[in-house]
1. With charges set only on the Cβ (+1 for Lys and Arg, -1 for Asp and Glu), what does the dipole of region 33-101 come to about its Cα centre, in debye to the nearest 20?
2. Would you mind putting 43-52, 18-27 in packing order, based on average other-beta-carbon counts within 10 Å, highest first?
3. Of Cys46, Thr80, Leu21, which is farthest towards the positive pole of region 11-82's charge dipole, taken about the Cα centre with +1 and -1 on the beta-carbons of Lys, Arg and Asp, Glu respectively?
4. Long-range amide H contacts for Thr100: which residues qualify at under 5 Å (H placed 1.01 Å from N, peptide plane, sequence gap of 5 or more or a different chain)?
5. If each residue's Cβ is checked for other Cβ atoms within 10 Å, how do Lys56, Lys37 rank with the fewest at the top?
Amino acid sequence: MARWSSDEPDDPPLPAVLASLDDDNCRAILALLDSPKSASELHEECGLSSSTVYRKLELLRESRLVREYTEVRRDGPNVTLYERDFSEIAIGIDDTGEFTMRVTRPETDAEDRLATFWSAMREES
């Protein structure tokens, strides 16, 4: 049985990351997320059905490769946006045969952290 470890406690499980990266539709969505986008924008840009986009976004969220947050708009309804939440993934194997993974994440500013906080609060309520 393969073992794996991670340098960071917040890193996603290796099997979830590999499953996401092995999926053509997940990779297409990740490629489109060069800037924050809504699920409907992703649906239009990648030509997948809405239900497929939402399923793939959920898989990417569970593997912590995509970050979801709510953008509050004064002039209309709020919108949920998704953005890629990594800049690099490195997978290796050490001398003991244990798989290792390192996920490099982009720097976040206070506004990003606040948006993430409010999105998490919304999910829990």
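Here, each number is a calculation from the coordinates, and none is a lab measurement. What you see is a predicted model, and the numbers here were worked out from it, not measured in a lab. Please note: Cβ atoms are built from the backbone with ideal geometry, for glycine as well, and neighbour counts cover all protein chains shown.
1. 380
2. 18-27, 43-52
3. Looking along the dipole axis, the top candidate is Thr80.
4. For Thr100, whose amide H was placed from the backbone, the distant partners under 5 Å are Ser5, Gly92, Ile93, Asp94.
5. With the fewest neighbours first, Lys56, Lys37 line up as Lys37, Lys56.
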